[in-house]
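Encoded as structure tokens, the structure appears first; notes follow it.
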Amino acid sequence: MIDFASDVPRWMQVADVIRQRIADGTYPPRTRVPSVIQLQAEFGIAQATAQKVLTRLRAEGATYTVPGLGSFVAESKGADAPQGE
């Protein structure tokens with residue numbers, strides 16, 4: 001799934017996969033996305049790379065993070081995270 005020989009950074013490739021899964025409904029709104037550990041296991045990437053994927057998706061508004069619980073799919077791209085969670 002990830003092309004380790006590609007000039008495209010690995011974190012970008014993984015972020016694209018997660019974005020696609022959000023778009024196709026594999027990860028519906030308000031459901032958890034894979035954790036750093038799960039991304040490492042699935043894609044064979046380093047911890048720092050997996051963390052960069054989650055940080056980028058959050059910065060784009062595709063996901064939001066609830067401290068102590070994980071990262072979740074935002075209601076819609078760019079939407080604010082639900083309050084009080």
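The values are calculated or read from the model by the stated rules, or taken from the named source; none is laboratory data. Quantities reported herein were computed from a predicted structural model and do not represent experimental measurements. Because the Cβ atoms are built from the backbone with ideal geometry, glycine has one as well, and the counts that use them run over all protein chains shown. Each accessible area value is taken on the protein alone, full model and side chains, heavy atoms only, with ligands, DNA and RNA left out. Shrake-Rupley method; radii C 1.70, N 1.55, O 1.52, S 1.80 Å.
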Report task. Note down the accessible area of T65, probe 1.4 Å, to the nearest 10 Å². Result -> 60
Query raised in the report: Quick one: if you stick a label point 7 Å off each Cα along the C-beta vector at D24 and V66, how many nm between them?
Result: 2.7
Report summary line: Farthest towards the positive end of the dipole of the chain, among G68, P9, A23 and with Cβ unit charges of +1 on Lys and Arg and -1 on Asp and Glu, lies the Cα of G68
Query - Whole-number accessible area per residue in Å² for the chain, which is evaluated in the context of all protein chains at 1.4 Å - result: 60
